[in-house]
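The values are calculated or read from the model by the stated rules, or taken from the named source; none is laboratory data. Please read these numbers as outputs of a predicted model, since none were measured by experiment. Backbone-built Cβ (ideal geometry, glycine too); neighbour counts: all protein chains shown. Quick note on the areas: whole protein, heavy atoms, side chains included, nothing else; ligands and nucleic acids left out. Shrake-Rupley method; radii C 1.70, N 1.55, O 1.52, S 1.80 Å.
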Amino acid sequence: MHDHHPLARGLREPLEGFLRYLALGRGRSEHTVRAYEGDLVSMLSSAQQDGARELGDVGLASLRRWLGRQSEEGLSRATLARRSAAVRSFTSWAVREGLLEMDPALRLASPKRHGGLPEVLHAEQARRLLSALASAAEGGDPVAVRDWALLELLYATGIRVSELVGLDLDDVDLSARTLRVLGKGNKERTVPFGVPAANAVVRWSGARGALLTAESGAALFLGRRGGRLGQRQARETVDAALRALGDTAASGPHALRHTAATHLLDGGADLRSVQELLGHSSLATTQLYTHVSVERLRASYVQAHPRA
C-alpha cells in the first residue's frame, strides 16, 4: 500500500479487499493492480479530503469533484477515462460484496476519449505567438528568455509537458538539432527541431546561469528559484502566452503538441513519422490528427474550389 496516503481504515480496507480480488480472483498482473491502486488511492484521498471516513460516505458529488480536480491538473481525457473506469469497477465490486448499498459511480459520466481534439493554432497564429515571446526575451530577462525557448521547443517538437520538464542539458544536441526524450513507459526517442528553436535554446543556455542554484542540477529548464521547472509552471507559462494571443481558445502545452502534429501532417509528413516523433505507441492515436488535417483541407477546399 502507499504509505504516503494514510487513508482512514473504513476506506483502506475495502481498497485492500478489491486489490486482492483483482490479483487473486481476476488474475490481473502486478502492473495492472498497481495502476488500479494508484487511481483508487487518488480518488479515496480526494473523498477523504471532503470528509469521507468510510466507503458509504463516497457519493457521486465527491467522485465528480475528484474528476474535476484531476481535470484542472491537466490530465488527458484518456487518463481521466481510465481513472473513472477503475473507480466504476471498484464501486460495482463493492456493491456485489455488500460493502455499498448503492453504486455512486453509475451516473459518473466518463470523459469521452478523444471527444474532440484541443484547439489547434493556425501557422500564422503560431508565428505571432513565438515572435511575441522572442520580442519579450530581447530585454534579456532570464525568465522571458526561458519562456521563449520553452514554447519554441514545444511547438518545434510536439513533446509532452512531462517530457519537456524532464529534459537535462545533455539531452539537447545543438549541432544535430535533436532532443533525447524519455517518453511514457520509459521509452526513449530522438526528436529533431529547427533553427528557430535552436536559436532560442542557445539564448536560454546563456541566460540560464542567472537562475542557477545548488538545486539546479543538470535540468535544462529552471524555475524562478533555480530548481527544475515543474509541469504546473510550464503549463501556466504556455497558458499565459496563448491568452495573450487573444484570438484562440487553445490552452495548455497539449494544444502545442496537437498544433505541431497537425502542421506536420498539413505540410505532407507521413503518419508513421509523426507517430515516431510524438512517441505514440499506437498509430490509432496519431490518426486522430489526420481528422483535424482533413477538416482543414475541407475548409480550404470549400473556400477555394469553384465547384465546391
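Here is how the numbers come out for the structure above:
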{"item": "Where a label projected 7 Å from the Cα of residue 285 along Cα→Cβ would reach, residues of the range 249-263 with amide N under 20 Å", "result": "251-263"}
{"item": "Contour minus Cα-Cα distance for residue 269 and residue 132 (0.36 nm per residue)", "result": "46.6 nm"}
{"item": "Probe 1.4 Å, protein heavy atoms only - accessible area per residue of the range 120-223 in square angstrom", "result": "44"}
{"item": "Magnitude of the charge dipole, the chain, Cβ model with Lys/Arg +1 and Asp/Glu -1, debye to 20", "result": "560"}
{"item": "Mean-position separation - Cα centroids, the range 150-215 and the range 64-81, in angstrom", "result": "27"}
{"item": "Pairwise FRET efficiency - residue 276 versus residue 195, Cβ, R0 = 30 Å, nearest 0.05", "result": "0.90"}
{"item": "Estimated distance in nm for a label pair at residue 107 and residue 16, the labels positioned 7 Å out from Cα along Cα-to-Cβ", "result": "3.4"}
{"item": "Potential extension, residue 32-residue 119 segment - 0.36 nm per residue separation minus Cα distance", "result": "28.1 nm"}
{"item": "Helical contribution to [θ] at 222 nm, DSSP H n ≥ 4, -39,500 (n - 2.57), averaged over the chain, rounded to 500", "result": "-18000 deg cm²/dmol"}
{"item": "Paramagnetic reach from residue 188 (point 7 Å along Cα→Cβ, amide N under 19 Å) across the range 221-241", "result": "221"}
{"item": "Order by protection proxy (mean Cβ within 10 Å, highest first), peptides 152-158, 191-197, 81-87", "result": "152-158, 81-87, 191-197"}
{"item": "For the range 129-267: rounded, prolate or oblate by the Cα gyration tensor [a/c cutoff 1.5]", "result": "rounded"}
{"item": "Residue (of 248, 156, 207) at the positive-pole extreme of the chain, dipole from beta-carbon charges", "result": "248"}
{"item": "Share of carbon and sulfur in the accessible heavy-atom surface of the range 1-72 [1.4 Å probe, %]", "result": "46"}
{"item": "Nearest-10 value in Å² for the accessible area of residue 177, using the 1.4 Å probe", "result": "90"}
{"item": "Protection-proxy order for peptides 40-50, 96-106, each taking the mean of Cβ atoms within 10 Å per residue, highest first", "result": "40-50, 96-106"}
